[in-house]
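Contents: one structure, followed by commentary.
The values are calculated or read from the model by the stated rules, or taken from the named source; none is laboratory data. No experiment lies behind these values; they were computed from the predicted model shown. Using ideal geometry, Cβ is built from the backbone for each residue, glycine included, and neighbour counts are taken over all protein chains shown. Accessible surface is based on the protein model in full, side chains and every heavy atom, while ligands, DNA and RNA are left aside. Shrake-Rupley method; radii C 1.70, N 1.55, O 1.52, S 1.80 Å.
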Amino acid sequence: MTECRLLEELTRTESRTAAEKTLVVWPVGAIEQHGPHLPVGTDTFTIEFLTRQAAEKASSEISVHVAPTLPFGSSHHHLPFGGTMSLTTQTYYRMVYELAESLIVCGYRKIFVLNGHGGNHELVQLVARDLALNYPVSMAAASYWTIAWDALVELNAHNDCRLPGHAGKFETSLMMALRPDLVHEPRPHRDHTGSTDPRGFVRPYRAEHHGTWQAIDGFTDSPDRGTSELGRSWLDATVDTLAKAMVEFDSQATV
């Protein structure tokens, strides 16, 4: 019998008994500025919703425990704007490593870290790699938009904006669907924002330039182009693909 349970609602006996055969999914987000119009908890609100909805959907085929959302991320690039609580790269890696390691010591053997903030992306993947080297576990880590990329492109989520961007049309649409009460008007506007390359990258290397975030006032493209209807369709498509990824990973686990 399959199930979806929140880890924080389980007793120690329930968790320990089910751990070895159950996929534990852990959403990680951030508390950071999202322009003048979105709440600083945008990434955390989004990834918690997506993870819980996808886990519920996946539970028709597998058993899933959802760990408590980690609300803090590696966000030092947003500190100049205020409203940001950030961990350094080194501290964030250690925190995610040790918390995931705790799950392993407590008996879980299949762990999927789902990320909602770009600054965490490489770090959670490094944690997954290193833990799988050090323990007999199956680890996965990804940002939700990379898993859902093809489905989102099919819905034109890359047009007239950056996908996922930051506090632009895409994230603003998600928040308008999730928490419209937290979206402040008027939303900023920009002309000539362009579109994201549908392949998922513009150049074959990563480029970082000092002062970039200040130059764009902490948000990408044009948030006023977002709508709740777009947000709902993009959320639904992402939930479907995340659920499929959970089931696929569970079936491929080797321990």
Can you name the residue in region 42-96 that is hydroxyl-bearing (Ser, Thr, Tyr) and part of a helix (DSSP H, G or I) and is also surrounded by the fewest Cβ atoms within 10 Å (Cβ to Cβ) among such residues?
Thr91
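Hey, any hits in region 211-229 for a residue that's of a type in the set (Asp, Glu), open to solvent by 30 Å² or more (accessible area, probe 1.4 Å), modelled with pLDDT of 95 or more and in a helix (DSSP H, G or I)? Walk me through it before giving the result.
Taking region 211-229 first, the residues of a type in the set (Asp, Glu) are 217, 221, 224, 229.
If we keep only those that are open to solvent by 30 Å² or more (accessible area, probe 1.4 Å) as well, we get 217, 224, 229.
Going one step further and asking which of them are modelled with pLDDT of 95 or more, we end up with 217, 224, 229.
After this cut, where a residue has to be in a helix (DSSP H, G or I) as well, the list is 224, 229.
Taking every residue of region 211-229 in turn, at least one turns out to be of a type in the set (Asp, Glu), open to solvent by 30 Å² or more (accessible area, probe 1.4 Å), modelled with pLDDT of 95 or more and in a helix (DSSP H, G or I).
Look through region 115-167, keep the residues that are of a type in the set (S, T, N, Q) and closer than 30 Å to Lys21 by Cβ, and return whichever of them is nearest to the chain's Cα centre (by Cα). Write out each step before concluding.
From region 115-167, those of a type in the set (S, T, N, Q) are 115, 120, 125, 134, 138, 143, 146, 156, 159; that's our starting set.
Applying the additional criterion that residues be closer than 30 Å to Lys21 by Cβ yields 115, 120, 125, 134, 138, 143, 146.
Numbers: Asn115: 3, Asn120: 9, Gln125: 12, Asn134: 25, Ser138: 19, Ser143: 5, Thr146: 9 Å.
So the residue we want is Asn115.
Just one of Ala19, Ala30 is surrounded by 19 or more Cβ atoms within 10 Å (Cβ to Cβ), at pLDDT 95 or above, among the small types (Gly, Ala, Ser) and more than 26 Å from Gly165 (Cβ to Cβ); which is it?
Working: Ala30 fails: more than 26 Å from Gly165 (Cβ to Cβ).
Among Ala19, Ala30, only Ala19 is surrounded by 19 or more Cβ atoms within 10 Å (Cβ to Cβ), at pLDDT 95 or above, among the small types (Gly, Ala, Ser) and more than 26 Å from Gly165 (Cβ to Cβ).
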Looking only at region 162-185, decide whether some residue is part of a helix (DSSP H, G or I) and free of Cβ contacts under 8 Å to residues at least 12 places away in the same chain.
yes
Matching residues in region 146-202 - criterion: being open to solvent by 60 Å² or more (accessible area, probe 1.4 Å) and of a type in the set (Asp, Glu)
Asp150, Glu154, Asp160, Asp181, Glu185, Asp191
